[in-house]
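Have a look at the structure below, then the notes.
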Amino acid sequence: MITVLMATFNGEAYVAEQLDSLLSQTRPPDRICLADDGSTDGTLAVLERYRAAHPHLIELSVNAVNSGSAAKNFMALLVAQRDDYIMLCDQDDVWLPDKIAKTLAKMTQMETQWGRTVPCLVHSDLAVVNDQLVPVSASFRTSTFADYDRTALRDQLIQNTATGCTIMLNRALANLLTEVPQHMVMHDWWISLVAAAFGHMGHIDDCTILYRQHVTNQIGVTDMRRLRYKLRRLVNPAQVKADIAKTYPQAGEFLALYADRLDAAQAELLRNYCLIPHLGKCGKVAMIARLGFWKTGFSRNVAYLLFV
């Protein structure tokens with residue numbers, strides 16, 4: 001059984017097109033669970049229409065109080081739902097017809113190797129498009145310098161590599177998601193931390209979705225290969241520092257929540273990572289170098305060491 005979870009909020013403009021892409025999969029989902037976060041546009045009317053047309057497939061819930069973010073809405077869904085396999089779906093993208101089939105094939109391969117009781121996560125590349133689905137970038141992975149082979153807990157602590165709208169997780173991984181963290185940077189980053197610590201992360205090189213970029217995106221895509229982007233980050237370090245700072249409370253909460261499952265080396269790694277903001281500049285750089293907390297790409301690491 002495969003369940004698709006979709007968190008919605010004021011997505012009237014695009015959600016029907018996304019739902020149509022789910023219904024057109026070569027391997028269709030067994031359940032689609034929608035959680036609306038108190039939309040004030042016509043989103044609910046669209047969702048109700050699809051639920052009425054597919055009552056045995058689509059489930060709809062409406063949050064009594066807005067959760068505050070898509071990340072929290074998704075995590076609440078993840079805590080509440082269990083199935084053999086769970087996939088996450090943004091309201092404004094379009095899934096390519098074989099997304100579920102390709103992702104499931106990779107998951108089956110991983111579970112054959114590691115066993116179904118081992119937490120496993122599969123994710124993929126994305127094709128970036130504009131609001132009219134006109135191509136912007138053929139590969140999100142290429143434009144963001146993402147290294148999908150960096151799957152160790154050490155790597156995931158400082159840089160998430162799995163994009164939430166491409167993720168499939170198995171039941172063993174879902175069973176470890178028991179509460180909504182207060183300090184997660186994003187829901188996909190938190191899930192990746194859990195997978196890296198207690199199981200395995202796998203990826204598909206193919207793009208499986210059209211990742212729509214528009215003015216209301218919570219998370220946008222920037223081509224990190226451009227010199228303009230790199231210079232802007234260097235001359236305006238406030239955002240870089242803020243991005244780094246968010247990772248420490250996330251790591252601290254992860255350590256607290258999973259203390260009884262982490263091995264000694266993992267716990268020590270997390271404790272040391274949480275110490276970094278309390279050290280002087282030389283101490284921070286020394287800790288990063290000693291424990292190998294490096295990002296992907298030379299320019300990223302230059303900015304990291306400058307502004308940590």
- Taking a ≥ b ≥ c as the square roots of the eigenvalues of the Cα gyration tensor of the range 150-217, is the shape rounded (a/c under 1.5), prolate (a/b larger than b/c) or oblate? prolate
- Message: For Cα pairs less than 8 Å apart in space and 6+ apart in sequence, what is the mean separation divided by the residue count of the range 2-212, i.e. the relative contact order in percent?
- Response: 26 percent
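Return an integer: the convex hull volume of the alpha-carbon atoms of the range 2-212, in Å³ per residue.
Working: hull volume 23.8 nm³, N = 211.
For the range 2-212, the hull spanned by Cα atoms encloses 113 Å³ per residue.
Net charge near Leu44, counting Lys/Arg +1 and Asp/Glu -1 over other residues with Cβ under 15 Å of its Cβ? List each step's numbers first, then the result.
Details: positive: Arg49, Arg51; negative: Glu12, Asp36, Asp37, Asp41, Glu48, Glu59.
Result for the neighbourhood of Leu44: -4.
Multiplying the sequence separation of Met287 and Leu257 by 0.36 nm and subtracting their Cα-Cα distance, what value in nm do you get? Before the final figure, lay out each step's value.
Details: separation 30, 0.36 × 30 = 10.80 nm, distance 2.38 nm.
Between Met287 and Leu257, full extension yields 8.4 nm more.
Each reported figure results from applying straightforward, stated rules to the coordinates on display, with no laboratory input. Keep in mind that this is a model prediction, so the values were computed, not measured. Counting neighbours? That spans all protein chains shown, and the Cβs are built from the backbone with ideal geometry, glycine included.
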